[in-house]
Structure formats: C-alpha cells, structure tokens
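Reviewing the structure listed below.
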Amino acid sequence: MLKIKSSFLLFLLLFTSIFWGIATASSEALCIKNERANLRKGPGTDHEKLWEVFKYMPFKQLGVKGAWKRIQDVDGDIYWVHAPLTTQKYKCAVIKNNKTNLRSGPGTKFPIVPWAPVDKFFSMKVLKIEKDWVHVEDSTGDKAWIFRPLVWIQ
C-alpha cells in the first residue's frame with residue numbers, strides 16, 4: 001500500500017511540475033528589446049526567416065527550446081525568436097489597425113501628435129495605463145497616448 005501511495009505521489013508531483021511549466025510558459029508576455037529581431041519558422045538560424053520586427057514588438061510566449069522562444073503575435077501567428085533578443089522587464093503594445101491616431105494626452109480632447117497616424121504593427125513601450133488610455137513611448141523616445149482598444153498589450 002505504501003508503494004502505491006508513493007508511486008501515486010511521485011506521478012502527481014511530476015504531472016504537476018510539467019503542467020505548471022507549460023502553463024507558466026504559455027502565459028508569459030515578452031517584448032523585443034533590440035532594434036531589430038528576425039522571427040523564424042523554427043528554433044535556430046538554419047530555419048527560414050519569416051519576418052523582421054522592431055524594438056518593443058510584443059509577443060505571447062508559448063514555449064522554449066534551448067535559446068529559442070516560441071511566440072505568438074497580435075494576429076495569432078506563431079514564430080520562433082532568439083531568447084536574448086527579448087525581455088519581460090516591461091510591457092509593450094502594438095497597433096492593431098492602419099491609420100491609428102496617437103494623442104498628446106489621455107483623451108480625444110487632446111491634439112493628435114505630429115507623427116501620427118501610425119499603421120498596424122507599429123510597436124511601443126507601455127509607460128502607464130490610465131483608465132481606457134495607454135501612455136506609450138516609441139523606439140526613438142517620442143511619447144503619446146492611445147485609446148486602449150486600439151492596441152494589443154503584452
């Protein structure tokens with residue numbers, strides 16, 4: 001009886017550890033921290049380059065294989081990225097549609113910033129969220145506000 005209980009507890013511990021690892025990896029958000037990063041079809045430079053993204057592009061982490069992370073973008077597409085090109089130290093946002101306005105303050109009463117509108121996949125670092133508005137900074141240091149439903153934040 002003791003052997004059965006021990007085996008069951010060992011199985012339960014192993015199953016819980018594996019499940020916890022998968023659940024944790026699948027819920028992690030990450031951002032590109034370098035100026036540019038290549039997204040690939042598989043985990044390694046020998047795999048086809050599918051897309052080049054820029055600093056602050058957000059992704060949802062789905063898994064890890066060695067020094068590579070399996071990621072998902074705003075559209076649900078799956079890629080692999082070299083792990084050292086990513087960070088989880090801050091949140092990032094990406095524009096969901098073309099011709100999206102950014103404003104100088106958190107509301108439509110504030111003027112549109114001179115460098116707007118921006119297009120889909122324009123990525124930014126999230127500085128803070130204030131009700132339905134997100135304060136963001138682009139890779140050149142320009143700051144603006146955007147209406148929360150217009151971005152995907154990770």
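No value in this document is a laboratory result; all are computed from the given coordinates. From a predicted model like this one, the values you see are computed outputs, not experimental measurements. Positions of Cβ are backbone-derived with ideal geometry, glycine not excepted, and every protein chain shown enters the neighbour counts.
Going by C-beta contacts inside 10 Å, put W68, W145 in order with the fewest on the left. The partial results should precede the final answer.
Working: W68 18, W145 21.
Going from sparsest to densest Cβ surroundings: W68, W145.
Excluding residues on the same chain fewer than 8 positions from K55, give the aspartates and glutamates whose Cα lies under 20 Å from its Cα.
Excluding near neighbours in sequence, the set is E28, E35, D73, D75, D77, D119, E137, D138, D142.
Excluding same-chain residues fewer than 8 positions from K109, which lysines have a Cα within less than 24 Å of its Cα?
Of all the lysines, those that pass the test against K109 - Cα under 24 Å, at least 8 places apart if same chain - are K96, K99, K120, K125, K128, K131, K143.
What is the set of long-range amide H partners of L127 at a cut-off below 5 Å, with H atoms built 1.01 Å from backbone N?
Here the answer is H135, V136, E137, since their amide H atoms fall under 5 Å of that of L127.
What does the C-alpha gyration tensor say about the overall shape of segment 92-153? Classify as rounded when a/c is under 1.5, otherwise prolate if a/b is larger than b/c, or oblate. Write out the running numbers ahead of the final one.
Working: a/c = 1.19, a/b = 1.09, b/c = 1.10.
Rounded.
If we count every other residue with Cβ under 12 angstrom of L50's Cβ, Lys/Arg +1 and Asp/Glu -1, where does the sum land?
Numbers: positive: R40, K41, K49; negative: E48, E52, D73, D77.
Cβ neighbours under 12 Å give a net charge of -1.
Ranked by Cβ crowding within 10 angstrom, fewest neighbours first, how are I32, I78 ordered? The partial results should precede the final answer.
Numbers: I32 23, I78 15.
Ordered from fewest to most neighbouring Cβ atoms within 10 Å, I32, I78 come out as I78, I32.
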